[in-house]
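Working notes, beginning with the structure itself.
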Amino acid sequence: MNPTLISVFGLLNQTPIASSTGPISNRYSLDSFFVQERGDTATLICKCGRSEPLHLAVGDLQRAHRVQGLYACPLCLEELKQARSPSDKVAVWFRQNRPCLTPDQHIYLPCSFARLIDATEKTVMRPRRFVFAKFNNLTLSDKDKILTTCGDVECVNPYHMMLAASPATKVTPAIREDVKTWIAKHVSRRRIQELVETKYNRKLSLRTITNIKNSVPV
């Protein structure tokens, strides 16, 4: 009897299974698992990529239930159990889903967070900065700025972010074009500061905005 099948699927009585060879007859996702069915056997691979596959009878999988509220490997379930705060849960989600994330998608947080707390560093961060640091396992300095490359201010896909530490890269072409657009719409300089910080997590001085304004043809 496999104790993991009891703790994850609630299967006290487990059907003996044969070798899971042969062609795959069905593929689908089940919470944190990728499922492959071959004949009467189901192979479940956790999306975190950190645990061994689980094998059980297809009939057993059909009568399983979410003992801990989610189908996932024991490692993922323990991490989620230890994640008390919303910030911890966000960090755990990105760590567990790292192998599944790709540059060709936008990712959004389930609710709007103004700030997230890094308990290890004891710092408060904007969501994009928090996700970038956790995903890349980095400790960011005050000089490190995280910019979005997709233009979607709500997207937190780490592949749509870039690290800019040099003052020379502070005003990117995308920022400059946005500032010019807002200036043309007669948006105030202080409001432009807020818009740039929200969209790009960068702080422009009023003088920088004025310089961009003066470079716009009249």
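The values are calculated or read from the model by the stated rules, or taken from the named source; none is laboratory data. Please read these numbers as outputs of a predicted model, since none were measured by experiment. Neighbour counts run over all protein chains shown; Cβ positions are idealised from the backbone, glycine included.
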Exercise. Take the residues in the range 175-190 that are more than 29 Å from the chain's Cα centre (by Cα) and of a type outside the set (Val, Ile, Thr), then tell me which one is nearest to Lys213 (Cα to Cα).
Key: Lys180
Self-check item: Any pair with Cβ under 6 angstrom, 6 or more apart, that starts in the range 90-105 at a residue that is in contact (Cβ under 8 Å) with a residue 60 or more places away in the chain and farther than 20 Å from Thr148 by Cα and ends at one that is surrounded by 13 or more Cβ atoms within 10 Å (Cβ to Cβ) and of a type outside the set (Lys, Arg)
Solution: Gln96/Cys48; Gln96/Cys76
Self-check item: Qualifying position, being surrounded by 12 or more Cβ atoms within 10 Å (Cβ to Cβ), of a type in the set (Asp, Glu) and within 26 Å of Met161 (Cβ to Cβ), among Asp88, Asp31
Solution: Asp88
Practice problem: Within the range 25-47, track down each residue that is of a type in the set (Gly, Ala, Ser) and touching a residue at least 40 places away in the same chain (Cβ under 8 Å). | Solution: Ser32
Self-check item: All helices (runs of 4 or more DSSP H) inside the range 2-117 with 3 or more residues being closer than 27 Å to Phe130 by Cβ and in contact with a helix residue (DSSP H, G or I) (Cβ under 9 Å, 6 or more places away or on another chain)
Solution: 74-82, 86-96
Quiz item: Quick one: in the range 122-137, which of the residues that are at pLDDT 85 or above and surrounded by fewer than 15 Cβ atoms within 10 Å (Cβ to Cβ) is farthest from the chain's Cα centre (by Cα)?
Solution: Val124
Exercise. For Gln68, state whether it is exposed (fewer than 13 other Cβ atoms within 10 Å of the Cβ) and polar (S, T, N, Q).
Key: no
Exercise. Take the residues in the range 165-195 that are within 17 Å of Asp144 (Cβ to Cβ) and crowded, with 18+ Cβ neighbours inside 10 Å, then tell me which one is modelled with the highest pLDDT.
Key: Ile175
